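The values are calculated or read from the model by the stated rules, or taken from the named source; none is laboratory data. A quick note: this is a predicted structure, and the numbers were derived from the prediction, not measured. So basically every Cβ, Gly included, is an ideal-geometry build from the backbone, and we count neighbours across all protein chains shown.
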Amino acid sequence: MDAETMKMLGAGLAAGLGMLGPGIGLGLIGLGAMQALGRNPEARGVLLTNMILIGALTEAVGIYALIVAILLAMVV
Amino acid sequence: MSKLGCSSRLMVILVIVILALFLTSFVMGPLGSKLFNIDVPRELQISKLHVALPSEAMFHVGGFKITNTLISSWVTIILLCSLFFFATRKMKVIPGRLQSFAEVVVDGIHNTIEGVAGPKHVRTFLPIVTTIFLYVVTNALLALVPLWGTWGPVEHITEGSHSYTVTVPFLRAANTDINLTLSIALVSFLFIEYLGFSRIGPFKYLDSFFQFSSLGKSFADLFKGNWKSFLSGFLFGFINIYVGLLEILSHFIRIVSFTFRLFGNMTAGEILLGVMTFLVAFIAPVPFYGLETLVGFLQAMIFAGLTLVFGVMAVTSHHEEGAEHN
């Protein structure tokens, strides 16, 4: 395998494996929020804000992987 | 048939036109022509997808590069300034259209901040949170306007054996420039730290990281001759200082996180739209435009909301929090 192939393979792996963790995390956040909503429907507003905030924090991790993938594929 | 808003014949014609557009663009596009082995005429061929990560310089002013994202952000600034200038120029008790729009926006953000920060701190956060939100959301939504990111001079680039054409747009989505997101993140960071230092005092604010008071207490124990509690207090004091250092590091990591979150989301959105338009030129990208509208709004909300939450954490020191809980 030449360098170009390895780079593309690295980019794909970085994006794919890097999204794995945040995907699981976002699922867990959604699970927790839905369960809380089912038990306490009045807290919808507070739950939504907190869910989005924590979702953003989780998603940022995936974005790092995406940046690495874009850098590998297009810049380096 | 009045529910459709047009006659049923027009509806059928519209559906047929949309379907025809979709199918032709799919078959003639790079996906369909590979799939069905069609020789697309040269005029209809789509040039290779080109992604430019750093923004392109449009012209230079005294050695200072004016990039297309910078021009785009100026457009946003002019738009927002003129909107709020004209909305608040002749304010009335019974607002007109423009004034009531501005009132709805500001009042909505005001209420959201009040829900998070409490009525005491609303006025502290309102200006900067509203500015960040409106700036980011306008940047994100303007990027979806037709001609944005596509209108510009065409350059022919020859690379080895194959040549391709690249459009250098005059206007590019401002959020896809890492310098812009970094600068907003720095403003947010400085605002949060300034609030922490000024509102609860520099020593108290630093104490909320390191908890020097527990270390001081242990030395007081030493002079009293209470060896055992001195040792444990001394140890925990050092652990607290280490934890405080980590917490200060986490404050700096916020800048990186803020920067890359917005930049990554917006760049990924632009690339997604580009890829969809490249694969199927018409109709297929429309749902993705809807998605990008949502993402732009959400990212602006997240940027402003996280600034707000971190700011609230800075103005309510740890001691106050403890006092509230007890």
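Sort out which residues of the stretch B:100-112 are in contact with a Leu (Cβ under 9 Å, 6 or more places away or on another chain) and either modelled with pLDDT of 90 or more or not assigned by TED's automatic domain parsing to the domain that holds residue B:310 (or both), and write them in order of number.
B:101, B:102, B:105, B:106, B:109, B:110 - these are the residues of the stretch B:100-112 that are in contact with a Leu (Cβ under 9 Å, 6 or more places away or on another chain) and either modelled with pLDDT of 90 or more or not assigned by TED's automatic domain parsing to the domain that holds residue B:310 (or both).
Determine, yes or no, whether residue A:19 is at pLDDT 85 or above, within 13 Å of another protein chain (Cβ to nearest Cβ) and over 23 Å from residue B:307 (Cα atoms).
It is true that residue A:19 is at pLDDT 85 or above, within 13 Å of another protein chain (Cβ to nearest Cβ) and over 23 Å from residue B:307 (Cα atoms).
Test of understanding: among B:239, B:255, B:302, which residue is in a helix (DSSP H, G or I), among the β-branched types (Val, Ile, Thr), modelled with pLDDT of 90 or more and assigned by TED's automatic domain parsing to the domain that holds residue B:134?
B:255
Answer yes or no: is there a residue in the stretch A:25-46 that is in a helix (DSSP H, G or I), crowded, with 17+ Cβ neighbours inside 10 Å and within 12 Å of another protein chain (Cβ to nearest Cβ).
no
Look at the stretch B:99-130 and say how many of its residues are out of contact with any His (no Cβ under 7 Å at 6 or more places or on another chain), under 24 Å from residue B:191 (Cβ atoms) and assigned to a helix (DSSP H, G or I).
Residues flagged as out of contact with any His (no Cβ under 7 Å at 6 or more places or on another chain), under 24 Å from residue B:191 (Cβ atoms) and assigned to a helix (DSSP H, G or I) within the stretch B:99-130 amount to 21.
Quick check, is residue B:231 over 28 Å from residue B:112 (Cα atoms), free of Cβ contacts under 8 Å to residues at least 24 places away in the same chain and hydrophobic (A, V, I, L, M, F, W, C)?
So residue B:231 passes the test.
For the subset of the stretch B:275-295 comprising residues that are touching a residue at least 40 places away in the same chain (Cβ under 8 Å) and either farther than 23 Å from residue B:33 by Cα or in contact with a Cys (Cβ under 9 Å, 6 or more places away or on another chain) (or both), which member is surrounded by the most Cβ atoms within 10 Å (Cβ to Cβ)?
Only one residue tops the list, namely B:292.
Name the residue that is nearest to residue B:313 (Cα to Cα), counting only residues in the stretch B:194-232 that are surrounded by 15 or more Cβ atoms within 10 Å (Cβ to Cβ) and touching an Asp or Glu at 6+ places or on another chain (Cβ under 6 Å).
Out of the qualifying residues, it is B:209.
Name the single residue that is surrounded by the most Cβ atoms within 10 Å (Cβ to Cβ) among those in the stretch A:50-67 being free of Cβ contacts under 8 Å to residues at least 24 places away in the same chain and more than 7 Å from chain B (Cβ to nearest Cβ).
So, considering only residues that are free of Cβ contacts under 8 Å to residues at least 24 places away in the same chain and more than 7 Å from chain B (Cβ to nearest Cβ), the one surrounded by the most Cβ atoms within 10 Å (Cβ to Cβ) is A:51.
Please verify whether residue B:87 is out of contact with any Phe, Trp or Tyr (no Cβ under 6 Å at 6 or more places or on another chain) and within 14 Å of another protein chain (Cβ to nearest Cβ), treating the condition exactly as stated.
no
For the list (1) surrounded by fewer than 12 Cβ atoms within 10 Å (Cβ to Cβ); (2) assigned to a strand (DSSP E or B); (3) not small (Gly, Ala, Ser), I need the number of the one condition that residue B:145 fails.
Of (1) surrounded by fewer than 12 Cβ atoms within 10 Å (Cβ to Cβ); (2) assigned to a strand (DSSP E or B); (3) not small (Gly, Ala, Ser), only one is false for residue B:145: (2).
Given the conditions (1) of a type outside the set (Gly, Ala, Ser); (2) part of a helix (DSSP H, G or I); (3) away from chain B (no Cβ under 14 Å), and given that residue A:70 satisfies all but one, which numbered condition is not satisfied?
Condition (3) is where residue A:70 drops out.
Is there a residue in the stretch A:1-10 that is of a type in the set (Ser, Thr, Tyr) and either within 14 Å of chain B (Cβ to nearest Cβ) or surrounded by 14 or more Cβ atoms within 10 Å (Cβ to Cβ) (or both)?
no
Of everything in the stretch B:32-64, what is out of contact with any Gly (no Cβ under 7 Å at 6 or more places or on another chain), more than 14 Å from chain A (Cβ to nearest Cβ) and surrounded by 15 or more Cβ atoms within 10 Å (Cβ to Cβ)? Give them in sequence order.
Across the stretch B:32-64, the qualifying residues are B:32, B:33, B:56, B:58.
Which of the following residues is out of contact with any Cys (no Cβ under 6 Å at 6 or more places or on another chain), within 21 Å of residue B:112 (Cα to Cα) and among the aliphatic types (A, V, I, L, M): A:48, A:20, A:9? It would help to see each step written out before you state the result.
Working: A:20 fails: within 21 Å of residue B:112 (Cα to Cα); A:9 fails: within 21 Å of residue B:112 (Cα to Cα).
Just one listed residue meets the conditions, A:48.
Can you pull out every residue in the stretch B:296-311 that is facing another protein chain (nearest Cβ under 10 Å) and under 16 Å from residue A:63 (Cα atoms)?
Selection gives B:298, B:299, B:302, B:303.
With the condition kept exactly as written, say whether any residue in the stretch B:243-257 is surrounded by 15 or more Cβ atoms within 10 Å (Cβ to Cβ), more than 14 Å from chain A (Cβ to nearest Cβ) and closer than 30 Å to residue B:214 by Cα.
Among the residues of the stretch B:243-257, at least one is surrounded by 15 or more Cβ atoms within 10 Å (Cβ to Cβ), more than 14 Å from chain A (Cβ to nearest Cβ) and closer than 30 Å to residue B:214 by Cα, which makes the answer yes.
Given the structure, is residue B:268 within 30 Å of residue B:191 (Cα to Cα), part of a helix (DSSP H, G or I), within 12 Å of chain A (Cβ to nearest Cβ) and touching a residue at least 24 places away in the same chain (Cβ under 8 Å)? Walk me through how you get there before you give the answer.
Working: within 30 Å of residue B:191 (Cα to Cα): yes; part of a helix (DSSP H, G or I): yes; within 12 Å of chain A (Cβ to nearest Cβ): yes; touching a residue at least 24 places away in the same chain (Cβ under 8 Å): no.
Judged against the criteria, residue B:268 is not a match.
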